[in-house]
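Where a number appears in this text, it was derived from the coordinates with a stated rule and is not lab data. Predicted model, so just to flag it, every value in this text is computed and none were measured. Methodologically, a virtual Cβ is constructed for each residue, glycine included, from the backbone with ideal geometry; neighbour enumeration extends over all protein chains shown.
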Amino acid sequence: MSLPQTLSLNALNHIRDRFSMREIGAPYQTLTSQFGQVGEIRLFEGEAVAKMVYISMAVPQFGLDSHMIFAFTPSGSPVPHFTLDSVLNAPDFAFHLDLIPRLDMGANLAYMDYCFGPLTETYEAAAQIEGLKPAKLGPRQYAIMSPWMLVYRANESAFEAIQAPVSAYLEHWAGLVEQGIPSDVTEGASAESLAERDRRNRGIIFNPSVDKVWAQVDRLLGAETSAQMREILIKQTVESL
């Protein structure tokens, strides 16, 4: 397996096994282009982690090997979502690692400190890995994620070194899933308000005008398939076959 695939599948399998998630389809959907079959969508459902979406795309002709995970906690939960992108766009590697906040951290200091404060040491250490270069994201993309987001381009040795921060973020997130968030940390947020914020947040995260990568997906897979992928990621409930 490639380095991006190995990194991604290690995280995927850890989440699947730790939270007893059930896979829907094998895979849920294959992805095809003018180059033939170029990837797949895998879909999982569970309780503590309600929905996990894995999307892989590999096109050797372009030097592309891309793997994306979104592990979504229940829509009414304050526990952040987990996301990991790992990519080879030859000759460079890239990755995106984050916990997606479920509350406005500018207005919820206790939530920010509880859910994200423990990541600070890992975040700062990761930024010092030799061979990393900041990825080019727009301010809107930064605004809808967390300030602890790690998003970099990398050479091969740096990409190999990011396993440590990925493992640290994943372990911290899994602990939040298992332990839950104390009610005094969420400052009275209701399940309904959390679900509504999540609905709006997902709609922005996967909006093609915000994330330009969807234009590339359109060109590779076609606009219809690209829209179907976004719908799966935005939808709070789990699709069935």
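Figures for the structure shown
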{"quantity": "Read-out percent of Cα pairs over 22 Å apart, derived from the coordinates shown; its label in [x] 48; [y] 56; [z] 52", "calculated": "[z]"}
{"quantity": "Counted charge near V151, where neighbours are those whose Cβ lies closer than 13 Å (Asp, Glu -1; Lys, Arg +1)", "calculated": "0"}
{"quantity": "Environment charge at E178 (Cβ cut-off 14 Å; Lys +1, Arg +1, Asp -1, Glu -1)", "calculated": "-2"}
{"quantity": "Relative exposure of E196, E45, judged by other C-beta atoms within 10 Å (fewest first)", "calculated": "E196, E45"}
{"quantity": "Sorted by Cβ neighbour density within 10 Å, fewest at the top, the residues D98, D17", "calculated": "D17, D98"}
{"quantity": "Residues I234, I162 arranged by fewest to most Cβ contacts within 10 Å", "calculated": "I234, I162"}
{"quantity": "At 1.306 mPa s and 10 °C, Stokes D of the range 1-84 from Kirkwood alpha-carbon radius, µm² per second", "calculated": "118 µm²/s"}
{"quantity": "Length-normalised contact order of the range 3-234 in % [C-alpha pairs under 8 Å, at least 6 apart]", "calculated": "17 percent"}
{"quantity": "Pairs of lysines in the chain (C-alpha under 27 Å apart; 8 or more residues apart or interchain)", "calculated": "5"}
{"quantity": "Cα centroid separation, the range 169-231 to the range 55-125 (Å)", "calculated": "10 Å"}
{"quantity": "Most fluctuating residue given options L137, L84, L97, as computed from a GNM of the chain linking Cα atoms under 10 Å", "calculated": "L137"}
{"quantity": "V210/K235 FRET efficiency (R0 22 Å; Cβ-Cβ; nearest 0.05)", "calculated": "0.80"}
{"quantity": "Charge tally in the Cβ shell below 14 Å around Q163, where Lys, Arg are +1 and Asp, Glu are -1, Q163 excluded", "calculated": "-3"}
{"quantity": "Span-like helix ranges in the chain, DSSP H, alpha carbon extent 15 angstrom or more, Kyte mean at least -1.0", "calculated": "3-18, 163-179, 223-234"}
